[in-house]
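Enquirer: Have a look at this one before I ask anything.
The values are calculated or read from the model by the stated rules, or taken from the named source; none is laboratory data. Just so we're clear, the structure is a prediction, and the values are computed from it rather than from any experiment. Counting neighbours? That spans all protein chains shown, and the Cβs are built from the backbone with ideal geometry, glycine included. Just so you know, the surface numbers come from the protein's heavy atoms only, side chains and all, with ligands and any DNA or RNA stripped out. Shrake-Rupley method; radii C 1.70, N 1.55, O 1.52, S 1.80 Å.
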Amino acid sequence: MAGEQIISMKNVCKGYKMGTEKLNVLKDINFEVRKGEFTAILGPSGSGKSTLMNIIGCMDTLDSGSYDLSGIPIHDAKEKELVKIRNHKIGFIFQNYHLIPTYTVMQNIIMPLLMRGMDRKSAERECEEVMDMLGLSQRVSHKPSELSGGQRQRVAIARALCSKPSLLLADEPTGALDQSSGTEVLKLFTKLHDMGNTIVMITHDLNVAKWAERTVRIVDGEIFEEEKAV
Ligand SMILES: Nc1ncnc2c1ncn2[C@@H]1O[C@H](COP(=O)(O)OP(=O)(O)OP(=O)(O)O)[C@@H](O)[C@H]1O
Ligand SMILES: [Mg+2]
């Protein structure tokens, strides 16, 4: 459905208590992401990117305002519901991959599926399909330590994709990679975007943000839409 909203944030504020003081980090954030968009959130260190990512990812609560994810009011949800929403709606991709080193690629990818109650056969089939698409089928029985950084990140992306999430949420996905592996990963995001996935990518690097179809800047906890140069 065109124009369907995946993220809708209205007047979101978030701060941290420091003793008797309160540090206001996110200041009245209004932010929307529509289905199928590839959005970069670009901002310098300390601007509030991780704080915003934690809220988008349902890993932290807001102080005030409202946040709907795929039409679900997150601001009203209890922790138990949030866990479910995190597992079903969001595919996380982190700078340092977060793969389990003692597991093979296959085991890493199917684990979240098994935890959700899928039988092993179906999970393995799902894994093989995604690995095929990412050109990693030769690597399913390798350990993460036997892969390059770029390959590890692609495995992490495969794991995120297997859950068929409404949103792929990536935090500095190329931060630990050299230029050419970083470019490979960004090309993959472009492909996944073309296939219809909704992607939010957080970065401090303008050259990384340029790969997205849309960039919003976060400066000192406030959000600004970037006008696209045509
Ligand atoms: N748990 C916390 N308790 C107190 N202050 C915090 C906490 N987390 C973040 N902050 C403060 O909030 C502000 C924004 O931090 P945040 O981590 O969101 O920035 P960032 O944009 O992700 O930075 P970086 O690019 O360095 O990761 C900073 O001033 C930081 O010191
Ligand atoms: Mg951060």
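Enquirer: Averaging sequence separations of C-alpha pairs under 8 Å and six or more residues apart, then dividing by the length of the chain, give the relative contact order as a whole percent.
Expert: Details: 427 pairs, mean separation 67.7, N = 230.
Reported relative contact order: 29 percent.
Enquirer: Counting helices only, and only those DSSP H runs with n ≥ 4, report the 222 nm mean residue ellipticity of the chain as the sum of -39,500 (n - 2.57) divided by its residues, in deg cm²/dmol to the nearest 500.
Expert: -10500 deg cm²/dmol, from helical runs alone.
Enquirer: To check you understand DSSP bridge types, tell me what percent of the beta bridges within region 5-228 (both residues inside) are antiparallel, rounded to 5.
Expert: 55
Enquirer: Run the reach check for K187 against lysines, Cα to Cα strictly under 19 Å, same-chain hits fewer than 8 apart removed. What comes back?
Expert: K210
Enquirer: Let me ask something else. Looking at L188, F224, L206, which one has the Cα that reaches farthest to the positive end of the dipole of region 177-230 (charges on Cβ: Lys, Arg +1; Asp, Glu -1)?
Expert: My answer, from the dipole projection, is L188.
Enquirer: Let me ask something additional. Does region 126-193 come out rounded, prolate or oblate by the C-alpha gyration tensor, with a ≥ b ≥ c the root eigenvalues, rounded set by a/c under 1.5 and, if not, prolate when a/b is larger than b/c and oblate if not?
Expert: Cα axes put region 126-193 in the oblate bin.
Enquirer: Rolling a 1.4 Å sphere over the protein heavy atoms, what is the accessible area per residue of region 1-125, to the nearest Å²? Provide the component values of the computation, followed by the final result.
Expert: On the way: 6710 Å² over 125 residues.
In whole numbers, region 1-125 has 54 Å² accessible per residue.
Enquirer: Let me ask another. Calculate, for D132 and T190, the FRET efficiency according to 1/(1 + (r/R0)^6) with r their C-beta to C-beta distance and R0 25 Å; round to the nearest 0.05.
Expert: Given R0 = 25 Å and the Cβ-Cβ separation, E is 0.85.
Enquirer: Please list the three semi-axes, largest first and in whole Å, of the ellipsoid equivalent to the chain, using sqrt of 5 times the eigenvalues of its alpha carbon gyration tensor.
Expert: 29, 20, 17
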